[in-house]
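Undergrad: Let me give you the structure first, and then I'll get to my questions.
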């Protein structure tokens with residue numbers, strides 16, 4: 001399985017929804033504390049397990065997240081630690097990039113998510129406690145959702161309801177929003193500690209998973225959010241990111257500060273179905289390909305990006 | 001002697017009313033009538049109760065009686081009037097005639113009137129003079145007193161002013177002393193503050209070294225650093241709020257704690273043209289996380305940070321037309337499949353139609369058919385990858 005070495009510490013990895021061999025990697029210098037950042041666009045070589053870099057974009061501050069546009073195959077957006085959102089176009093030469101710089105957040109932008117159904121808008125989650133809604137054709141945000149009491153770490157669009165999204169925050173709650181409504185429609189006090197990530201089940205639009213600093217992943221049904229549907233324990237440290245499989249109903253993948261990437265089936269008693277500990281530092285980014293079933297990628301503070309097929313050893317060559 | 005005149009004189013003298021008058025008046029009256037002395041004496045001899053012409057020898061007793069009577073009646077009059085009754089008594093002694101009460105009453109009335117007159121005189125003339133004289137004296141005394149009192153007031157005012165001046169001088173001296181003492185105290189405080197600052201710097205360095213030693217053995221993560229970022233930029237508070245869990249790691253293991261100091265991430269970016277995609281740097285071992293944190297706390301910038309201008313060169317750059325139409329998501333396909341009620345072929349076949357699949361498609365469970373929407377399968381997850 002190929003590995004890609006980045007000069008900076010990795011923060012996020014995303015598969016392209018248009019090209020099954022393309023990924024975007026967000027990296028930040030000095031663990032994201034202080035320094036520059038870089039967005040890598042890499043390609044999986046068709047001949048052998050090699051990852052080639054297509055283009056890289058340097059930023060003044062660290063890049064915390066990256067998301068591909070669902071409408072334009074060459075466009076991606078990057079969340080920058082200085083509070084701005086940069087829009088890049090890989091079809092243009094690097095000197096023409098970025099094509100947009102959207103600066104509205106007061107603090108670091110930590111999460112991005114592109115609307116997979118409507119394909120025209122995206123959300124940004126920031127440490128200034130707010131979530132903003134954007135489109136590529138407008139220089140200013142369409143809406144600002146400010147209700148959280150602390151940093152918002154992650155946002156996720158609902159795969160079925162194009163106007164519904166969820167936000168996970170450091171105030172230990174997950175809020176469900178509808179862009180047509182002025183405020184949040186539901187508040188799930190899911191954990192006793194900060195919630196770092198949330199994701200909707202692609203096949204059951206009422207199921208949402210939350211990952212928290214308390215090392216657990218909880219699956220909630222929004223119709224009855226008092227009690228979680230399932231609690232997944234197994235990580236040794238805070239769970240940084242989770243993602244439901246686009247291909248399988250019950251499958252979700254998670255990465256944690258215990259340097260492992262875990263595969264879960266929450267409908268099974270023994271939910272942990274796979275564990276990959278190829279990273280030698282915090283594993284902070286993981287993604288499952290929408291186009292290729294079973295293809296997954298992960299990155300971490302050890303400055304490595306792994307792409308492997310589920311069931312195989314990421315470090316195998 | 002003229003008998004006729006003597007007879008008339010006798011008739012005259014025998015008149016009772018004449019008898020009350022003094023002898024001298026009778027004799028005078030008779031003399032005025034033209035009688036001689038001998039005739040008058042003859043008349044007097046003929047009158048039965050006529051008074052003796054020789055007053056001294058025969059009427060001494062009667063005159064003494066008259067005098068005693070007159071004295072007794074006049075005595076209450078007082079001394080100034082004593083001369084008058086003496087005169088009258090002498091007059092009456094010369095003629096041994098009978099005094100009646102009328103003479104006493106008249107004398108008393110005369111005395112009373114004289115007394116009243118003298119009193120009136122006194123009141124009108126002497127008393128005003130006395131009063132004015134007394135008033136003058138009194139006024140002089142009052143002036144003297146007022147002059148004395150004014151002088152005393154002035155003296156008192158002067159004394160009070162002197163005392164006030166003295167007191168103000170004292171207070172000024174006291175305030176000057178206080179100012180001096182405050183200055184001295186301020187100097188002492190400055191010295192104390194400098195020493196405290198030195199102590200704090202020493203404590204900080206000590207704590208940093210202690211935490212470095214701890215971090216070499218610890219591995220943990222907690223997102224509570226976000227709280228510390230918002231509270232202060234002090235590195236000490238950041239470090240103190242992270243939870244530390246012991247875990248065995250090699251010494252060269254990079255640090256585990258995540259921090260983000262606010263306010264230090266903004267750099268002045270200079271214009272730097274983007275070069276061709278650089279090769280990833282190789283051979284540079286990443287610095288320890290704690291070392292980077294310590295550097296930042298000391299105010300040093302970690303090495304390798306460049307000024308990058310990442311602003312869009314053309315903010316109005318139009319977005320390109322999409323080259324590929326968006327594909328349906330697997331779950332949307334599954335929804336369609338469920339609604340349509342029949343399965344479709346796998347949509348994830350390569351666009352170029354090659355039978356040989358790229359390396360990332362080769363996996364254990366692939367059989368060319370997407371089993372979307374199904375439940376879990378025991379063998380579909382492949383091997384459990386253990387360490």
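The numbers here are math on the coordinates, done by the rules we state, and not lab data. The structure presented is a predicted model; accordingly, all values stated were derived computationally and were not measured. Don't worry about glycine lacking a Cβ; one is built from the backbone with ideal geometry, like all the others, and counts go over all protein chains shown.
Undergrad: Can you pull the percent of Cα pairs in the stretch A:1-146 with separation above 22 Å?
TA: 35 percent
Undergrad: Listing A:251, B:196 from the residue with the fewest other Cβ atoms within 10 Å to the one with the most, what is the order?
TA: B:196, A:251
Undergrad: How do B:361, A:175, B:2 rank when sorted from fewest to most other Cβ atoms within 10 Å of their own Cβ?
TA: Exposure proxy ranking, most exposed first: B:2, B:361, A:175.
Undergrad: Still on this structure, please answer the following. Could you give the radius of gyration (one decimal) and Dmax (whole number) of the Cα atoms in chain A, in Å?
TA: Rg then Dmax for chain A, in Å: 17.7, 53.
Undergrad: Shifting gears a bit: Defining a contact as two alpha carbons under 8 Å apart and six or more residues distant in sequence, what relative contact order in percent does chain A show?
TA: It comes to 14 percent, rounded to a whole number.
Undergrad: While we're here: Direction-averaged shadow area of the convex hull around the Cα atoms of the stretch A:187-240, nm²? Please report the intermediate quantities before stating the final value.
TA: Working: hull surface 14.2 nm².
Averaging across all directions leaves 3.6 nm² for the Cα convex hull.
Undergrad: Here's another thing I want to ask about it. For the stretch A:65-132, taking Cα atoms only, what is the radius of gyration to one decimal and the Dmax to the nearest whole Å?
TA: Computed over the Cα atoms of the stretch A:65-132, radius of gyration and Dmax are 11.7, 35 Å.
Undergrad: How large is the convex hull of the Cα atoms of the stretch A:204-317 per residue, expressed in Å³ as a whole number?
TA: Working: hull volume 10.5 nm³, N = 114.
Taking the convex hull of the Cα positions in the stretch A:204-317, it is 92 Å³ per residue.
Undergrad: Among B:7, B:42, A:194, which comes first, then next, by fewest other beta-carbon atoms within 10 Å?
TA: Sorted ascending by nearby Cβ count, the order is B:7, B:42, A:194.
Undergrad: Per residue, what volume in Å³ does the Cα convex hull of the stretch A:1-72 take up?
TA: Per residue, the Cα convex hull of the stretch A:1-72 comes to 82 Å³.
Undergrad: Fully extended, how many nm does the chain gain between residue B:29 and residue B:307 (0.36 nm per residue separation, minus their Cα-Cα distance)?
TA: 83.1 nm
Undergrad: Two decimals is fine: what is log10 I(q)/I(0) at q = 0.14, 0.27 Å⁻¹ for the stretch A:30-79, from a Debye sum with one equal scatterer on every Cα and no solvent?
TA: Once normalised to I(0) and log-transformed, intensities are -0.45, -1.03.
Undergrad: When only Cα pairs under 8 Å and 6 or more residues apart are kept, what is the percent relative contact order across the stretch A:169-306?
TA: The normalised contact order for the stretch A:169-306 reaches 14 percent.
Undergrad: Could you work out the per residue convex hull volume over the alpha carbons of the stretch B:131-175, in cubic angstrom?
TA: 29 Å³
Undergrad: Here is a further query. Quick one: P(r) of the stretch A:122-170 from all Cα-Cα pairs, 5 Å bins, percents rounded to integers, in order of increasing distance.
TA: 5, 22, 29, 23, 16, 4, 0
Undergrad: Compute the Cα gyration tensor for the stretch A:261-310, then decide on rounded, prolate or oblate, letting a ≥ b ≥ c be the square roots of its eigenvalues: rounded whenever a/c is under 1.5, prolate when a/b is larger than b/c in the other cases, and oblate in all that remain. Walk me through the numbers on the way to the answer.
TA: On the way: a/c = 2.64, a/b = 1.37, b/c = 1.92.
Taking the square roots of the gyration eigenvalues as a ≥ b ≥ c, the stretch A:261-310 is oblate.
Undergrad: Return the distance in nm (one decimal) between the two label points of a simple spin-label model at residue B:163 and residue B:323, each offset 7 Å from Cα along Cα→Cβ.
TA: The two pseudo-label positions are separated by 10.7 nm.
Undergrad: Any chance you could tell me what percent of the C-alpha pair distances in the stretch A:92-248 go past 25 Å? Write down the numbers at each step before the final one.
TA: Details: 3381 of 12246 pairs.
The proportion of pairs with Cα distances above 25 Å equals 28 percent.
Undergrad: Please list the equivalent ellipsoid semi-axes of the stretch A:111-201, computed as the square roots of five times the alpha-carbon gyration tensor eigenvalues, in descending order and whole angstrom.
TA: 20, 14, 11
Undergrad: To two decimal places, what compactness ratio does the stretch B:115-225 give when its Cα radius of gyration is scaled by 2.2 N^0.38 Å?
TA: Ratio of Cα Rg to 2.2 N^0.38 Å: 3.46.
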